[in-house]
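Data block below; observations after.
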Amino acid sequence: MEFLTHDILIIGGGLAGLRAAIEAQKAGRDVAILSKVHPLRSHSVAAQGGINSAFDNIPVPTNDSWENHSFDTIKGSDYLADQDAVEVMCREGIERVIEMEHWGTLFSRTEDGRIAQRPFGGSGFPRTCYAADRTSHNLLHVLYEQVVGLRIPVYEEWHALSLVVDEGQCIGVLAFPLFEERTVPIRAEATILATGGYGRIYLRSTNAIINTGKGCYLAYQVGVPLEDMEFVQFHPTSLFGTNILITEGARGEGGYLVNVKGERYMERHAPHLMELGPRDIVARATQREIDEGRGFEGQYVHLDLRHLGRGKIMDHLPGIRQIAMDFAGIDPILNPIPIQPAQHYSMGGIPTNVDGETPLPGLYAAGECACVSVHGANRLGGNSLLETLVFGARAGRKAASNVKRKKRESNPLAFQKQSEAFQSCLHELSSRQEGEPCFRLRDELKTLMTDQVGIFRRESDLLSAKEKIRELKERFGRIGLKQKNLDFNNEWIQYLELEGMLHVAEVITEGALTRKESRGSHFRTDYPDRDDEHWLRHTLAYKTTEGARLEYKEVTITNYPPKERTY
Amino acid sequence: MRKLTVMDTSALILKIKRYNPEKDPPRWTETFNVETKKGMNLLEALLRIQDEQDPTLSFRYSCRGAVCGSCAMKVNGKLVLACRTPVEGLLGETTLIEPLPFFPVIRDLIVDMSLFFEHYRGIEPYLHGKPIPSDCEYMMMESERKEIDPYIQCILCGICFGVCPAFGRDAQFLGPAILAKAYRFLRDPRDRREKEILNGVNDHRGVWGCNTVFQCVKACPKEVPPTHAIVKMRGRILRYRFTSLFSRFLSMSRRIGSR
Ligand SMILES: Cc1cc2nc3c(=O)[nH]c(=O)nc-3n(C[C@H](O)[C@H](O)[C@H](O)COP(=O)(O)OP(=O)(O)OC[C@H]3O[C@@H](n4cnc5c(N)ncnc54)[C@H](O)[C@@H]3O)c2cc1C
Ligand code: SF4
Ligand code: FES
């Protein structure tokens, strides 16, 4: 069996993965990145609005500081975030963003030439740095440029199949190049998962099509728990139809949300912050307007930018204008944009400490697939890009420093066994040509998640969702594939992704069913209040043959005792 | 599935150029009928075919929002991003779909972009920053940013290469997107390079290979204007040549004068 070997293997070429790679390479390690798409095609490229950092570049009556940023983040999280981790992010974020500027990110500028900042939902200050409304396109291209400059090798269009564990240690992965007829064992002293979110288990999602949560499943499959998965963020403003995101920046710049009666309905839901209320509150308010018959055609409301004028729209929101024109045939200078809420962000993920270490030695995680936890029950806009950079760098650094301490011979048998298991699985699947096709199960799952485990949740829905997922898992066992080759086998990829999606959906549903309170993004119509006495704790879900087994762990509180969250 | 007739104006009929080196013959065209819905785009239609009709049909995709640069292809002779192409305009008549031209085809609509990225790496596409303390940003004016901004929009989709006669003729030509990228660094006040960048593009593989027919500018889905960058870099190079000629002339005439 031929092996590839690296000190550190990073799975994922989005912001978190690239930032981790840069840090580890600079520490002198042999690093490689593996990604199922070219890094520049990662979901990170789509983020629009911006990245938070308490620079205090915009004159306001009081000064901003990383402590203020921490407070807003913790309050926004509905007090479920681990406060020590939030403090690390807000403090180190300042350095990370300046470094991105030094590497070439073309941030928009203030009049005196500094990085411009705009207000974003749930923040007390204009703290969100932006590059027009294509912030992360800029960030990702700049990081990739650094990766090119450092000559870090990338296994492009390779799919990570499974983690290989031996004697309680992650010793590498089994992967396969999508266009070749072979699986490849890759030995690594440290493996960093940076595989992004799992939005596409929902029917309506702002995420890239490739965001299926496979990375979380890779960890879950080998016994690592998943944390706080029931906390799924829904964004209030996705374009009706394709659900492409219309950034919060559009409201930051002064856009109005208007229902069919012409009312700015946020007046009723968050009278002080109005459209700039935090996401969960604006998303619920919007869904409620639609559900209660105050939407257009029963399905959407309007985001009105017309009063901002052509100049401001062209200067600050050109990408949004382009999206509205390309995908809805509407010019926001002339007409309001039809929007509806959609799944947007995965707060939960693979549990890590502030150095990206997971409970499994040798395995690290960073970015959206990880749960440090800095977002708790609800992420503030502009904080996840920051998270990818801060914790990507930290995971890279920690992995690099751990690697030099020990070198061990890894066991080739462990790889061999898994490789054989995959071959025979594929063989069996393709012998069942008449089995049910994957896509039907996938579509049923997505609809189910949006309908029953979405913005508003209640026991009866969650129970029926749980039942249905169990049924889907059973049917999954009877799936058949038409092709039996490994290369270019789209069905096989779908099958692998669907397996993870079913498990991730199960964990979300189980967590949501058990958590009998409402906190941040998790809203139970039958338990509408937050219940700190019983539920100020993190959920940990472990894989068992019967489904997910839940445990709980304490939230770390440093300087900010839980208070009621009002805006 | 709904039965489609030729007269059905809501029918999407896609004739797709296929390629699989393991088949005999390796190249063929295949026609698929797709049921459409309101607001559907071409990428959704292709995904539907992959799901419901032929799982072997291969193409790249990721964002479905015209930002990742995965899904460039040729549709009725025009180069487009599939996800940004509404099917509405394609209904009724047969639509021909082909891979991006000038790149080797790997399978169906998937092409090998390695040469593209080789050219990309060739210009050292990362900021070579002027020295600055690590705790503050470079000062930059909005006007300077706006100057570079159009070139930053590039998503490296390869469409401009596929319409470029110079690249079609000579694969060593750096290509529109890459020259636009070089210009982006040249114009960035934070980058300390100038001569290096200009030297790197000062030959027939670079700015002098361009036919200035503006095909790339017309085809780019992100409104990047590569030809403008090329023309501006030519101007700078000529100015340099002129000034260096001039200064050589000056120093020569001074020497003559001091004799
Ligand atoms: C439309 C949109 C707008 C957003 N705007 C903002 C914003 O303005 N501000 C903000 O802070 N946040 C924003 N976010 C959130 C933010 O973009 C993401 O959280 C962040 O980009 C995630 O980065 P990542 O590196 O963790 O993952 P990703 O960028 O998703 O990268 C995941 C990588 O993993 C690879 N991968 C996955 N599975 C496998 C596998 N099995 N094998 C091999 N490779 C694999 C993929 O190829 C990819 O390279 C936005 C999100 C969306 C959906
Ligand atoms: S310049 Fe335009 S066409 Fe060329 S690669 Fe960039 S985005 Fe694509
Ligand atoms: S899928 Fe990303 S550009 Fe089309």
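Some observations on this one:
- Residues (out of contact with any Lys or Arg (no Cβ under 9 Å at 6 or more places or on another chain), among the hydrophobic types (A, V, I, L, M, F, W, C) and over 19 Å from A:Gly249 (Cβ atoms)) located in segment A:12-60: A:Ala16, A:Leu18, A:Ala21, A:Ile22, A:Val31, A:Ala32, A:Ile33, A:Leu34, A:Leu40
- Selection of first residues in segment B:141-160 that are more than 9 Å from chain A (Cβ to nearest Cβ) and of second residues that are within 16 Å of ligand 3 (Cβ to nearest atom) and among the hydroxyl-bearing types (Ser, Thr, Tyr), restricted to Cβ pairs under 6 Å at least 6 apart or on distinct chains, gives an empty result.
- Residues located in segment B:19-42, provided they are more than 12 Å from chain A (Cβ to nearest Cβ) and assigned to a strand (DSSP E or B): B:Arg27, B:Trp28, B:Thr29, B:Glu30, B:Thr31, B:Phe32, B:Asn33, B:Val34
- Qualifying residue in segment A:410-423 (condition: over 18 Å from the mean Cα position of the chain (by Cα) and outside any helix (DSSP H, G or I)): yes
- Search result, residues across segment B:103-116 that are assigned to a loop (DSSP other than H, G, I, E, B) and surrounded by fewer than 16 Cβ atoms within 10 Å (Cβ to Cβ): B:Pro104, B:Asp112
- Meets criteria (modelled with pLDDT under 90 and under 22 Å from A:Glu167 (Cβ atoms)) for A:Lys398: no
- Residues that are more than 13 Å from chain B (Cβ to nearest Cβ) and within 12 Å of ligand 1 (Cβ to nearest atom) within segment A:176-203 comprise A:Phe176, A:Ile186, A:Thr191, A:Ile192, A:Leu193, A:Ala194, A:Thr195, A:Gly197, A:Tyr198, A:Tyr202, listed in sequence order.
- Members of segment A:15-48 that are at the interface with chain B (Cβ under 10 Å from one of its Cβ atoms), part of a helix (DSSP H, G or I) and of a type in the set (Gly, Ala, Ser): A:Ser44, A:Ala46
- Only listed residue being in contact (Cβ under 8 Å) with a residue 60 or more places away in the chain and crowded, with 22+ Cβ neighbours inside 10 Å, chosen from A:Arg519, A:Arg530: A:Arg519
- Among the numbered conditions (1) more than 16 Å from ligand 2 (Cβ to nearest atom); (2) within 14 Å of chain B (Cβ to nearest Cβ); (3) in contact with a helix residue (DSSP H, G or I) (Cβ under 7 Å, 6 or more places away or on another chain); (4) at pLDDT 95 or above, the only one that A:Gly149 does not meet is (3).
- Close pairs from segment A:76-95: first more than 14 Å from chain B (Cβ to nearest Cβ) and polar (S, T, N, Q), partner part of a loop (DSSP other than H, G, I, E, B) and surrounded by fewer than 24 Cβ atoms within 10 Å (Cβ to Cβ), Cβ under 7 Å, at least 6 apart: A:Gln83/A:Thr556; A:Gln83/A:Ile557; A:Gln83/A:Thr558; A:Gln83/A:Asn559; A:Gln83/A:Tyr560
Yes/no per residue for (1) assigned by TED's automatic domain parsing to the domain that holds B:Phe185; (2) more than 16 Å from ligand 1 (Cβ to nearest atom); (3) of a type in the set (Phe, Trp, Tyr); (4) assigned to a helix (DSSP H, G or I):
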{"site": "B:Glu44", "(1), (2), (3), (4)": "no, yes, no, yes"}
{"site": "B:Pro101", "(1), (2), (3), (4)": "no, yes, no, no"}
{"site": "B:Glu118", "(1), (2), (3), (4)": "yes, yes, no, yes"}
{"site": "B:Met140", "(1), (2), (3), (4)": "yes, yes, no, no"}
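- Number of the exception - A:Gly17 against (1) surrounded by fewer than 24 Cβ atoms within 10 Å (Cβ to Cβ); (2) under 27 Å from B:Val67 (Cβ atoms): (1)
- Only one of the numbered conditions (1) more than 16 Å from ligand 2 (Cβ to nearest atom); (2) assigned to a loop (DSSP other than H, G, I, E, B); (3) not charged (D, E, K, R) is not met by B:Ile49, and that is (2).
- Within segment B:161-182, the set of residues being closer than 21 Å to A:Ala131 by Cα and either within 11 Å of ligand 2 (Cβ to nearest atom) or away from chain A (no Cβ under 14 Å) (or both) comprises B:Ala177, B:Ala180, B:Lys181.
- Any hit, segment A:69-85, residues being out of contact with any Gly (no Cβ under 7 Å at 6 or more places or on another chain) and surrounded by fewer than 20 Cβ atoms within 10 Å (Cβ to Cβ): yes
- Segment A:300-354, residues that are assigned to a strand (DSSP E or B) and either of a type in the set (A, V, I, L, M, F, W, C) or free of Cβ contacts under 8 Å to residues at least 60 places away in the same chain (or both): A:Val301, A:His302, A:Leu303, A:Asp304, A:Ile337, A:Ile339, A:Ala342, A:Ile350
- Those residues of segment A:533-549 which are of a type outside the set (Val, Ile, Thr), crowded, with 17+ Cβ neighbours inside 10 Å and within 22 Å of the chain's Cα centre (by Cα), in sequence order: A:His538, A:Leu540, A:Ala541, A:Lys543, A:Ala548
- The residues listed here are B:Arg184, B:Arg169; of these, the one that is without any contact (Cβ under 8 Å) to a residue 24 or more places away in the chain and in the same structural domain as B:Ile237 (by TED's automatic domain parsing) is B:Arg169.
- Test: A:Tyr144 is of a type in the set (Ser, Thr, Tyr) and within 16 Å of ligand 2 (Cβ to nearest atom): yes
- Checked against the criteria, B:Val75 counts as touching a strand residue (DSSP E or B) at 6+ places or on another chain (Cβ under 7 Å) and within 16 Å of ligand 3 (Cβ to nearest atom).
The values are calculated or read from the model by the stated rules, or taken from the named source; none is laboratory data. Everything numeric here is computed off the predicted structure, so don't read it as measured data. Please note: Cβ atoms are built from the backbone with ideal geometry, for glycine as well, and neighbour counts cover all protein chains shown.
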